[in-house]
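J.: Just passing along the structure, written as structure tokens.
What follows draws every value from the coordinates through simple rules; no lab data is involved. As the structure is a prediction and not an experimental result, all values here were calculated from the model. Because the Cβ atoms are built from the backbone with ideal geometry, glycine has one as well, and the counts that use them run over all protein chains shown.
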């Protein structure tokens, strides 16, 4: 049976590109029939990457049947995966997030979770230099894109020297200027004009339970934060609707300014004000608060959240 490879819901560049990269490796190096899948519509940056490197967008994952072979990448959180994921035959997990728990497997499996900024970096280590040298231009391009996206072109505190080294080698092999290409990626990510407020709130969003409170934590990374903040009033009006529909107590939206390395949190109600002040040691005066230096949900937002 074909192994289906997928990342999390609300796929970003890494969760779109990593399944493509690993499928190439399994098919062309390991002679294992594999195919990439998506659990949602890729964000605008990921869509740009696919078009730039002339890659077909992976098909959406259909219903999972019992014992369907799957590989999970860029997450290990059951809340970000199909509801019946534990009925599938999970054969491997490749990730760079903290271990959440809740997944069940049919037998012992390969699990690789490393403290690197990007799943693609881990995959390239696992693939090895000899096999990586055989990667075609489009696969190298998507791997580079994943790393630049997850590191915010090395601005994110999650970036390691190894992520940078791997990205710079890929760029050299491709003859690509990292600053020029990353600017194009971030410009694509910043164009959110076609999305409704609800879609924006769910575009790069993950569910977390802090204490006993379920939160939807959304991040919008952009080089044009004013474009998003101009929609502040309507976004805040939509937040309680999205929270109710998704079974969350609150939606926290962090608008990350990539170039100035800071985030603006929209403070929709007194409860969010309390969370912001308790979590980040700030005093909130108004319906937004700027958090200097905060750009990473994984390293700087989620670990700090207190209710």
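J.: What percent does the relative contact order of the chain come to when contacts are Cα pairs within less than 8 Å and at least six residues apart? Present the calculation step by step, with values, prior to reporting the outcome.
T.: On the way: 566 pairs, mean separation 42.1, N = 307.
Normalised by residue count, the contact order of the chain is 14 percent.
J.: Quick one: which of 132-143, 177-188, 56-67 comes out on top by average Cβ neighbours within 10 Å, and what's the full order, highest first?
T.: Values: 132-143: 18.9, 177-188: 16.1, 56-67: 12.8.
Highest mean packing first, the order is 132-143, 177-188, 56-67.
J.: If you average the sequence gap of Cα pairs under 8 Å that are 6 or more apart and divide by the length of region 191-258, what percent do you get for the contact order?
T.: Values: 96 pairs, mean separation 27.1, N = 68.
Relative contact order for region 191-258 comes out at 40 percent.
J.: In addition: Packing-wise, with mean Cβ within 10 Å as the measure, how do 169-176, 206-213, 106-113 rank, highest first? Please list the in-between numbers first.
T.: Details: 169-176: 15.8, 206-213: 14.1, 106-113: 12.0.
Result, highest mean first: 169-176, 206-213, 106-113.
J.: Right, here's the next one. Given the C-alpha centroids of region 13-76 and region 195-247, what is the distance between them in whole angstrom?
T.: 25
J.: Continuing with this model, one more query. With N set to the residue count of region 48-170, report its C-alpha Rg divided by 2.2 N^0.38 Å to two decimal places.
T.: Working: Rg = 15.5 Å, N = 123, 2.2 N^0.38 = 13.7 Å.
Against the compact-globule rule of thumb, the ratio is 1.13.
J.: Quick one: plug the Kirkwood hydrodynamic radius of the chain (C-alpha pairs) into Stokes-Einstein at 25 °C, 0.890 mPa s, and report D in µm²/s.
T.: Working: Rh = 19.8 Å.
Reported coefficient: 124 µm²/s.
J.: Determine the distance separating the Cα centre of region 104-141 from the Cα centre of region 258-287; give it in Å without decimals.
T.: Spelled out, the Cα-based centre of one part sits 36 Å from the other.
J.: Of all alpha-carbon pairs in region 197-304, indicate the percentage at a distance above 21 angstrom.
T.: 27
J.: In addition: Nearest 500 deg cm²/dmol is fine: what mean residue ellipticity at 222 nm does the chain get from its DSSP H runs of n ≥ 4 alone, each adding -39,500 (n - 2.57), divided by its residue count?
T.: Working: 11 runs with 118 residues, N = 307.
One gets -11500 deg cm²/dmol as the mean residue ellipticity at 222 nm.
J.: If contacts are Cα pairs under 8 angstrom and at least 6 residues apart, what is the relative contact order of region 148-307 in percent?
T.: Working: 223 pairs, mean separation 31.4, N = 160.
Once divided by the residue count of region 148-307, the mean separation gives 20 percent.
J.: Please give the length that would be gained between residue 168 and residue 134 if that part of the chain were fully extended, namely 0.36 nm times their separation in residues minus their C-alpha to C-alpha distance (nm, one decimal). Walk me through the numbers on the way to the answer.
T.: Working: separation 34, 0.36 × 34 = 12.24 nm, distance 1.74 nm.
Gain on stretching residue 168 to residue 134: 10.5 nm.
J.: May I ask you to derive the FRET efficiency for residue 177 and residue 28 from their Cβ-Cβ distance with R0 = 35 Å, giving the value to the nearest 0.05? Spell out each step's value before the answer.
T.: Numbers: r = 28 Å, r/R0 = 0.80.
Here the calculated transfer efficiency is 0.80.
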